Amino acid sequence: MPTFKITVAYDGSDYVGWQRQANGVAIQALIEDALRDLDGRDVPVAGAGRTDAGVHALGQVAAFSIARPLGPDAIVRAINASMPPAIRVLAAEEVAPAFHPRFGARQKTYRYQLWNADVMSPFERAYAWHVPGPLDVEAMRAAARLLEGRHDFAAFQATGSSVSTTEREIFASRIADRGLRTAAESAIELPTQSAIRNPQSALLSYEVTGSGFLRHMVRIIVGSLVEVGRGRQPVDWIGAVIAGCDRTRAGPTAPPHGLFLVTVDYPGSLAAGS
């Protein structure tokens with residue numbers, strides 16, 4: 001049976017996360033249900049990461065094998081026909097049977113969005129954490145860089161988690177400048193005296209790329225960076241938290257709705273037969 005790799009985008013607001021669960025609707029469950037109707041049998045779907053309830057994805061990766069002879073384009077159309085509007089398969093490709101989206105991943109990139117203004121935009125409320133009051137963004141930026149490299153991130157793991165090792169490597173940990181315009185916005189020429197204010201000026205984006213992430217790791221990092229930005233902790237406190245390996249010394253866990261799984265990258269060729 002051919003194995004397919006799919007790239008999925010979803011708004012996680014109304015779902016219990018990626019992984020199928022006994023209570024609530026999960027992204028994985030909806031895709032598996034669609035494939036059961038398509039292939040006439042249960043089709044297990046493996047994902048690259050288990051995003052939590054309320055977390056979004058721009059580029060989640062999943063894989064499965066089906067018996068029905070369909071090409072990648074037909075796979076995309078068939079699954080999307082059964083999906084609610086908040087979930088879309090963006091692309092599909094046939095890959096080698098040994099491909100596993102989680103264990104084969106070389107790195108993942110996450111983005112966390114904060115809305116730093118007194119009033120929360122109604123259009124961003126489901127996709128950014130409202131953090132009012134002044135933030136020292138340069139201090140946050142300096143603290144974020146301290147996370148780069150290979151470290152034991154036990155202090156940034158959800159309490160009660162069980163993994164073989166808490167060591168991970170972070171390749172990039174950065175906060176983008178305020179006021180960055182998207183490509184679509186940049187293509188729109190506004191009148192010189194326009195009263196329209198670019199809402200992106202209130203939006204802060206933290207992006208982190210690493211070999212892997214612990215449960216709630218990105219959200220705890222963001223909560224800790226906000227502590228630095230608010231002046232409650234100095235920049236070098238982040239280094240002390242890493243060294244201490246103690247969850248109680250890190251900042252609070254940021255809410256899930258500001259988090260996006262952006263991309264999952266793989267080494268070499270994934271082509272079938274390679």
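For the range 138-153, a residue qualifies if it is assigned to a helix (DSSP H, G or I) and surrounded by 19 or more Cβ atoms within 10 Å (Cβ to Cβ), and the qualifying residues are M140, R141, A143, A144. No other residue among A128, A74 is at pLDDT 95 or above and either surrounded by 15 or more Cβ atoms within 10 Å (Cβ to Cβ) or of a type in the set (V, I, T) (or both) apart from A128.
Output yes when any residue across the range 32-44 is closer than 20 Å to F260 by Cα and either buried (at least 21 other Cβ atoms within 10 Å of the Cβ) or assigned by TED's automatic domain parsing to the domain that holds E207 (or both), and no when none is. No; the residues of the range 32-44 include none that is closer than 20 Å to F260 by Cα and either buried (at least 21 other Cβ atoms within 10 Å of the Cβ) or assigned by TED's automatic domain parsing to the domain that holds E207 (or both). Among the residues of the range 114-124, not a single one is free of Cβ contacts under 8 Å to residues at least 40 places away in the same chain and of a type in the set (G, A, S).
Counting just the residues of the range 9-31 that are among the polar types (S, T, N, Q) and surrounded by 14 or more Cβ atoms within 10 Å (Cβ to Cβ), which one comes out farthest from the chain's Cα centre (by Cα)? If we take residues in the range 9-31 being among the polar types (S, T, N, Q) and surrounded by 14 or more Cβ atoms within 10 Å (Cβ to Cβ), then Q21 is farthest from the chain's Cα centre (by Cα).
The values are calculated or read from the model by the stated rules, or taken from the named source; none is laboratory data. Bear in mind that the values here come from a model prediction, so they are computed numbers and not experimental data. With ideal geometry, Cβ positions are generated from the backbone for all residues, glycine too; neighbour counts draw on all protein chains shown.
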